[in-house]
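Remarks on the structure that follows.
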Amino acid sequence: MEANDKSTHLRIVTDEDALDSDAVVRGHRHKSIYLLPNAFTTAALFCAFFAIISAMRGEFSSAAIAIFCSMVLDGMDGRVARLTNTQSVFGEQYDSLADMVSFGVAPALIMYQWQLKDLGTGRLGLIVAFVYCVCGALRLARFNANISVVDKRYFQGLPSPSAAALIAGFVWLVSEERLFIKEGFLPYAALIITLFAGLSMITTLPYYSGKAMDIRHSVTFPKLLVFVAIMLAVISNPPLMLFALFVAYAISGYLLGLVHKMHARKIHNF
């Protein structure tokens with residue numbers, strides 16, 4: 001009887017150890033999945049850091065490309081978090097801080113180092129770059145504060161990644177000599193682009209977010225053809241097409257705001 005009791009006791013202990021081992025494995029696996037979206041955020045932050053370093057070295061095409069890479073990675077971290085069900089307050093805060101560097105600080109420093117420092121004694125360029133940086137911070141703060149906004153179809157103001165894309169696209173386009181601007185006028189063109197991108201972020205203009213689109217039902221064959229055509233155009237001439245696309249998107253908010261205002265006026269008069 002004593003031998004049987006000992007063997008039974010040994011079997012029970014072994015089973016519990018196996019369960020504990022499985023729990024440890026599952027815990028490590030869950031932590032790995034939890035870290036996955038933050039890894040994308042870290043990669044996006046590295047791209048922004050690399051963009052700043054490239055601008056300091058005078059490698060402005062590389063700096064612009066790094067901003068676009070940061071945009072792609074930033075767009076993936078949230079989707080990965082939702083797919084793996086690993087959303088967290090820490091992840092949201094980390095993503096927001098990384099966005100400030102990627103789409104607020106980095107574009108401002110790149111544009112200043114590229115052209116804005118040549119405006120006058122450099123003070124005007126410094127002010128313009130700082131204005132963009134502040135607008136980026138305000139835009140991100142407002143986005144974080146407006147999480148409970150009902151209408152998810154539209155962003156309020158130009159999204160900071162799109163503003164950064166305007167600057168990066170312009171820098172890339174001119175640096176690759178795909179767009180000719182007289183040398184004396186170039187710093188002023190940079191000033192206009194920087195102020196337009198920055199101030200557009202803090203407007204209340206509606207920008208289509210795409211969040212309400214149901215891919216399974218709303219994607220038709222003609223829309224798919226248009227998407228493929230746009231992708232082919234971007235591949236054929238990335239600097240020109242990316243800049244053109246984000247200019248169109250930046251202007252779309254002003255047009256959409258005008259349409260909404262006219263529609264509201266008609267309803268009021270009626």
### Task
May I ask you to compute the full-extension gain from A244 to L83, defined as 0.36 nm times their residue separation minus their alpha-carbon distance, rounded to one decimal in nm?
54.8 nm
### Query
What share of Cα pairs, in percent, lie more than 13 angstrom apart in the range 65-104?
53 percent
### Task
State log₁₀ I(q)/I(0) for the range 49-206 at q = 0.20 Å⁻¹ as given by the Debye formula over alpha-carbon point scatterers of equal weight, solvent excluded.
-1.26
### Query
Which entries of K182/K261; K152/K266; K117/K211; K211/K266 show an alpha-carbon separation above 30 angstrom in the structure shown?
K182/K261; K117/K211
### Task
Take the Cα pairs of the range 73-152, get the Kirkwood Rh, then feed it into Stokes-Einstein at 10 °C and 1.306 mPa s and tell me D in µm²/s.
110 µm²/s
### Query
Distance in nm between label sites at K211 and I235, each 7 Å beyond Cα in the beta-carbon direction?
3.2 nm
#### Entry: H260 paired with L225, simple spin-label distance in nm, labels 7 Å along Cα-to-beta-carbon
3.3 nm
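Only the coordinates and a few stated rules stand behind these numbers; no lab work does. Note that the coordinates shown come from a computational prediction; the quantities given were computed from them, not determined experimentally. Glycine also receives a Cβ, built like all others from the backbone with ideal geometry; neighbour counts cover every protein chain displayed.
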